[in-house]
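Beneath this line is the structure, given in structure tokens, with notes to follow.
The values are calculated or read from the model by the stated rules, or taken from the named source; none is laboratory data. Predicted, not measured: the structure shown is a model, and the values here were computed from it. Using ideal geometry, Cβ is built from the backbone for each residue, glycine included, and neighbour counts are taken over all protein chains shown. What goes into the accessible areas is simple: the full protein's heavy atoms, side chains included, and nothing from ligands, DNA or RNA. Shrake-Rupley method; radii C 1.70, N 1.55, O 1.52, S 1.80 Å.
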Amino acid sequence: MNQSFYGLLLYIFLVTPPVANFMESLMVIHMHMQMPMLVIAGMLMARFFQKRFPRFFEKWNSNGVPGITLFVILMVYWMLPRTMDEALTSTLVEGFKFISLPFLAGISLRDSWKKLNPFGKNSIIISFTVLFIGLGWIYIWSPVQLCNNYLVIEQVTLGWAFLLTAIGMIVYLGYNFFIDPSAYE
Amino acid sequence: MKMEADLKIGFKDKANKMLGYHPEDAKLSKSYIAVAFIALLVGGFLGLLQGLNRAGLLELPSWFNYYQVLTAHGLLLILVLTAFFTIGYFYAALSHNLGGLLPKVRKLAWIGFFIKLAGFVLAVIPILMNEASVMYTFYPPMAAHPVFYIGLALIVVGVWSCCIGAFIQVANWRKNHKGQHVPILSYFATGVFVLLFFALMFVAVEVLFMIIPWVFGWVDTINVMVARTLFWAFGHTLVNIWYLTAVSAWYVVVPKVIGGKRWSDLLTRVVIIALVIMNITGGFHHQIIDPGINEVVKFMHVFMSLAIGFPSLMTAFALFAVFERTARRKGGKGLIGWWKKMPWGDVRFLAPFIAMVAFIPAGAGGIAQSTNQLDQVVHNTMWIVGHFHLTLGMSVVMTFFGISYWLVPFISNRVLTPQINRLGVIQTWIWTAGMICMSGAMHYVGLLGSPRRTSYTTYGDHATALGWDPYLMLLAVGGTLLIVGVILQVYAVFNMMFFAPKGDTEFPIAEEEDNATKTPYITERWGLWIVIMLIVVAMAYVIPLTEFIVNAPPGSPPFKTW
Ligand code: HEM
Ligand SMILES: [Cu+2]
């Protein structure tokens with residue numbers, strides 16, 4: 001139960017207006033810190049729901065595919081410049097962000113990841129890597145401002161963050177591919 | 001006769017095995033340690049020249065001016081002494097802990113040794129020719145002779161070679177000891193070499209891709225802010241590498257020397273991981289006064305720097321708890337009474353102990369400097385020089401000295417004699433007195449405005465500058481005491497290395513407490529910790545670096561300002 005509680009604390013911290021305002025004031029922090037941390041908060045809280053409603057998860061997410069699909073859809077949705085913009089201008093959309101990322105994306109990621117087979121896991125990571133490279137490319141080399149609320153320099157910064165994250169994932173994939181943990185553990 | 005000799009050798013080998021002593025590895029460590037202490041000797045004398053000059057007692061000749069001396073002093077002590085000591089010490093630990101170095105690992109370390117030496121020679125030549133008075137920070141747009149930078153690049157390659165050797169050694173051991181924890185000192189070594197490996201990438205990029213094309217004239221200008229940022233991503237990490245090295249002895253060795261047990265293995269490993277993950281991003285606290293960095297970003301970095309303070313505080317708590325427990329077990333009583341039970345006459349305890357105590361004011365000063373407003377008062381004054389002579393010159397270096405009194409006998413197959421121990425105790429007190437005088441004077445005169453990196457001047461007999469003189473005199477007094485300390489220390493090291501009586505010395509590694517909690521295996525998953533570290537680094541550096549590059553000013557041509 002402990003971790004669910006910490007997840008809740010993290011969630012409350014993230015939605016507190018001064019914290020949220022600060023994080024949303026920089027594009028890269030908005031997308032690469034606030035959003036992932038909301039997902040992480042959800043992942044921590046997931047334990048609570050898994051214990052509370054085991055049958056629900058059993059019934060709807062037995063092989064992890066529905067959950068991970070929901071996760072992917074939400075992630076892609078929130079990576080569009082347009083949705084970020086709207087989260088800043090419309091309270092309704094901002095509310096949706098604070099609910100969808102932890103409670104839909106975070107929980108379903110936690111519940112699905114363990115259920116996926118290695119092929120599923122790797123395909124997810126690879127697709128996100130490709131997506132991140134694409135997004136990085138768009139954000140860095142786009143000649144125009146994509147978000148009404150953020151300047152071009154912020155957009156470029158975000159693009160680099162995407163590229164670096166992609167590089168990080170490639171390193172991870174390579175590490176997984178070349179190193180067999182069972183040789184060491 | 002022959003057989004007897006054989007038997008004897010056989011017996012000797014067995015004893016060596018039990019002590020974890022491997023002659024060829026010992027030779028390697030001995031070479032590293034010898035270079036480190038020669039660097040101390042030369043660097044110490046250069047320091048003395050600086051101290052005497054700053055006090056107005058000595059005018060340096062035009063063929064060897066203050067800034068040449070200062071560049072060499074910085075490089076010798078910050079780079080050569082620390083790098084060679086750290087590598088020599090941790091390679092000894094790897095060899096001892098992990099059943100001897102693999103031949104290819106030993107070879108990598110030797111290759112690293114000679115590449116580093118070659119690099120160092122290349123870097124020193126232009127300094128002596130007054131072509132590279134750029135200080136150890138070599139900030140552009142000051143430009144030295146290209147050879148200087150080629151030397152630096154070689155030093156980087158040499159250290160990398162040692163990092164890779166260490167990784168191979170640890171990976172191999174883990175393959176053969178599935179599911180076991182890497183022994184604690186080797187775990188420290190792993191953390192240190194991981195940090196070194198990644199931190200060096202930043203300077204490597206700075207030197208190879210920015211400075212070298214620029215000093216050769218292949219490009220006209222350099223982006224100064226990017227270069228400084230890359231330098232400090234490395235420089236700050238180097239500082240914490242020394243700190244981790246010192247802490248390894250505080251945690252693992254000192255408890256053994258006083259006959260106690262090691263504090264929580266889990267906590268120790270958590271501290272190491274925390275330092276590895278959070279370290280590199282601390283670099284910005286060296287750029288608090290730099291222009292071009294958004295206040296919000298600076299604030300985040302102050303937060304990151306202070307976050308490193310947390311594991312450091314855990315360290316202090318753990319260590320004093322160990323001391324108290326051990327002393328009480330030996331019958332120490334009362335609130336302070338247990339102090340008497342500590343082995344004050346044993347240099348292997350005394351030197352690191354004083355080093356730890358020095359870390360208290362040193363850490364406090366560091367926290368003060370991380371604060372923007374306070375740093376504006378002391379930035380680029382002698383205060384800063386006082387600060388790092390306290391942290392590095394006292395906390396770290398005195399721990400190295402303390403280590404030398406068992407490490408050098410261990411790798412030389414000799415013993416620490418009572419005479420050398422007494423010499424060590426005297427050395428420790430002299431060094432303590434000298435550093436208190438010198439660093440205290442530096443701190444104070446810095447508050448009064450005396451600049452760092454500036455040879456003696458009275459600014460046309462300006463009253464303020466004249467007011468610094470008494471403190472600068474005290475600085476010179478401290479420096480003189482220190483040079484006595486340097487000579488004693490270097491004498492002790494070479495005596496233990498070549499002349500002390502033969503015999504077996506133990507490699508002191510304290511046992512865990514009996515009721516220790518079991519350390520979870522996740523602490524061994526370096527792949528995970530490295531990925532997290534890279535994420536933290538990316539989070540910290542993407543915003544400012546993109547800004548420096550995208551909104552870059554025209555850039556600067558090279559300047560020779562001296
Ligand atoms: C005999 C002992 C020593 C003396 C007398 C001494 C003295 C000095 C003095 C006077 C300065 C110059 C301040 C300035 O003008 O900015 C200096 C700088 C410095 N010292 Fe020492 N020092 C000693 C030992 C050490 C040790 C043991 C270390 C490190 C392991 C060290 C590291 C440095 C560094 C890094 C600088 C800064 C160089 C720069 O600003 O570029 N010193 N020292
Ligand atoms: Cu630092």
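Checking every one of the trypsin sites (Lys or Arg not before Pro) in the stretch A:107-142 against DSSP loop status and a limit of 11 other Cβ atoms within 10 Å picks out A:K114.
Angle of helix B:526-550 to the longest C-alpha principal axis of chain B, folded into 0 to 90 degrees and rounded to 10: 0°.
Please calculate how many Å² of accessible area the stretch B:213-262 carries per residue, with a 1.4 Å probe and no DNA, RNA or ligand atoms counted. For the stretch B:213-262, the solvent-accessible area averages 25 Å² per residue.
When only alpha carbons of the stretch B:20-550 are considered, Rg and Dmax amount to 22.5, 71 Å. Once the stretch B:278-362 is represented by equal point scatterers at the alpha-carbon sites, with solvent omitted, what log10 I(q)/I(0) does the Debye formula produce at q = 0.13, 0.18, 0.19, 0.26 Å⁻¹? For the stretch B:278-362, the Cα-only Debye profile gives -0.60, -0.83, -0.88, -1.25.
Determine the calculated [θ] at 222 nm for chain A from helices alone, applying -39500 (n - 2.57) to every DSSP H run no shorter than 4 residues and normalising by the residue count; nearest 500 deg cm²/dmol. Display every interim value, and only then the final one.
Details: 10 runs with 138 residues, N = 185.
Computed ellipticity for chain A at 222 nm equals -24000 deg cm²/dmol.
Once the Cα atoms are used to define both axes, helix B:224-248 deviates from the longest principal axis of chain B by about 20 degrees. Sketch the reach of a paramagnetic label on B:T458 as a point 7 Å from Cα along Cα-to-Cβ, and name the residues of the stretch B:38-57 whose backbone nitrogen lies under 16 Å away. Residues B:53-57 fall inside that zone.
Suppose every K and R has +1 on its Cβ and every D and E has -1 on its Cβ; what is the size of the dipole of the protein assembly as shown about the Cα centre, in Debye to the nearest 20? Don't jump to the answer; show the numbers that get you there.
Numbers: 48 positive and 34 negative charges, 505 e Å.
Dipole about the Cα centre, nearest 20: 2420 debye.
Computed from backbone phi, the HN-Hα couplings of the stretch B:23-30 come to x, 5, 5, 4, 4, 4, 4, 4 Hz, rounded to whole numbers (Karplus: 6.51 cos²θ - 1.76 cosθ + 1.60, θ = phi - 60°; Gly and Pro given as x). Take the Cβ atoms of B:A433 and B:K107, set R0 to 60 Å, and the FRET efficiency comes out at 0.85.
Dipole of the protein assembly as shown computed with +1 at Lys/Arg Cβ and -1 at Asp/Glu Cβ about the Cα centre; of B:L374, B:I273, A:A87, farthest Cα towards the positive end is B:I273. Across peptide B:534-546, the average count of Cβ atoms from other chains found within 10 Å of a residue's Cβ is 5. Once Rg and the Kirkwood radius are both taken over the C-alpha atoms of the stretch A:16-66, their ratio Rg/Rh works out to 1.18. Once the Cα atoms are used to define both axes, helix B:469-498 deviates from the longest principal axis of chain B by about 30 degrees.
With the contact rule set at Cα under 8 Å and sequence spacing of 6 or more, what percent relative contact order holds for chain A? Write down the numbers at each step before the final one.
Details: 191 pairs, mean separation 44.0, N = 185.
Rounded, it is 24 percent for chain A.
Each Lys and Arg contributes +1 and each Asp and Glu -1, all at the Cβ; summed about the Cα centre of chain B, the dipole is approximately 1840 debye. Please compute P(r) over all alpha-carbon pairs of the protein assembly as shown, binned at 10 Å starting from zero, and give each bin as a whole-number percent. Per 10 Å bin, starting at zero, the Cα-Cα P(r) for the protein assembly as shown comes out as 3, 12, 22, 24, 19, 13, 6, 1, 0, 0 percent.
Going by average Cβ density within 10 Å per residue, which order do the peptides A:156-168, B:198-210, A:68-80 take, highest to lowest? Provide the component values of the computation, followed by the final result.
Numbers: A:156-168: 22.3, B:198-210: 19.2, A:68-80: 17.0.
Highest-to-lowest ranking by the protection proxy: A:156-168, B:198-210, A:68-80.
Compute the orientation-averaged projected area for chain A from the convex hull of its Cα atoms and round it to one decimal in nm². With every direction weighted equally, the projected area is 11.7 nm².
Packing around the peptides B:219-228, A:48-57, taken as the average count of other Cβ atoms within 10 Å per residue, puts them in this order, highest first: B:219-228, A:48-57. Here's how it looks for A:G64: its modeled amide H is under 5 Å from none belonging to a residue 5 or more places away or on a different chain.
Since only A:S127, A:V39, A:N2 are under comparison, the one whose Cα sits farthest along the positive direction of the charge dipole of the stretch A:2-184, derived from C-beta charges on Lys, Arg, Asp and Glu, is A:N2. Heavy-atom accessible surface of chain A, averaged per residue, reaches 55 Å², computed with a 1.4 Å probe.
Highest mean first, what order results for A:91-97, B:415-421, B:456-462, B:44-50 on Cβ atoms within 10 Å? List each step's numbers first, then the result.
On the way: A:91-97: 14.9, B:415-421: 16.6, B:456-462: 10.9, B:44-50: 20.9.
Packing order, densest peptide first, comes out as B:44-50, B:415-421, A:91-97, B:456-462.
Expressed as a whole percent, the accessible surface of the protein assembly as shown that belongs to carbon and sulfur atoms is 71, based on a 1.4 Å probe.
Peptide A:166-172 has a mean shielding of 3, counted as Cβ atoms of other protein chains within 10 Å of each residue's Cβ. Looking at the stretch B:368-521, the accessible area is 42 square angstrom per residue; that uses a 1.4 Å probe and ignores ligands, DNA and RNA. For the stretch B:409-419, putting each phi into the Karplus relation 6.51 cos²θ - 1.76 cosθ + 1.60 with θ = phi - 60° gives couplings of x, 4, 6, 9, 6, 10, 10, 7, 7, x, 5 Hz, in residue order, rounded to whole numbers and with x for Gly and Pro.
Relative contact order, whole percent, for the stretch B:103-202 stands at 33, derived from Cα pairs under 8 Å and 6 or more residues apart. What ³J(HN,Hα) values, in whole Hz, does the Karplus curve 6.51 cos²θ - 1.76 cosθ + 1.60 give for the stretch B:153-166 when θ = phi - 60°, with x put for Gly and Pro? Values per residue, Gly and Pro as x: 4, 5, 4, 4, 4, x, 5, 4, 4, 5, 4, 5, x, 5 Hz.
For chain A, return all DSSP H helices satisfying: extent of Cα atoms along own axis at least 30 Å; mean Kyte-Doolittle hydropathy at least 0.5. Taking the DSSP H segments of chain A (at least 30 Å long, mean hydropathy at least 0.5), we get A:118-141, A:152-178.
Pick out, in residue order, every one of the chymotrypsin sites (Phe, Trp or Tyr not before Pro) in the stretch B:251-346 that is DSSP loop and has at most 13 other C-beta atoms within 10 Å; say none if there are none. Those that pass, being in a loop and sparsely packed, are B:W344. Between the amide H of B:I222 and those of B:S556, distances stay under 5 Å, these residues lying 5 or more places away or on another chain, with hydrogens modeled in the peptide plane. Summed over both chains, the accessible area lost when B and A associate is about 1600 Å², using a 1.4 Å probe. With a 10 Å cut-off around each Cβ of B:170-180, the average count of Cβ atoms from other chains is 2. Using helices alone, what [θ] at 222 nm do you get for chain B, with -39,500 (n - 2.57) per DSSP H run of 4 or more residues, divided over all residues and rounded to the nearest 500? Computed mean residue ellipticity for chain B: -23000 deg cm²/dmol.
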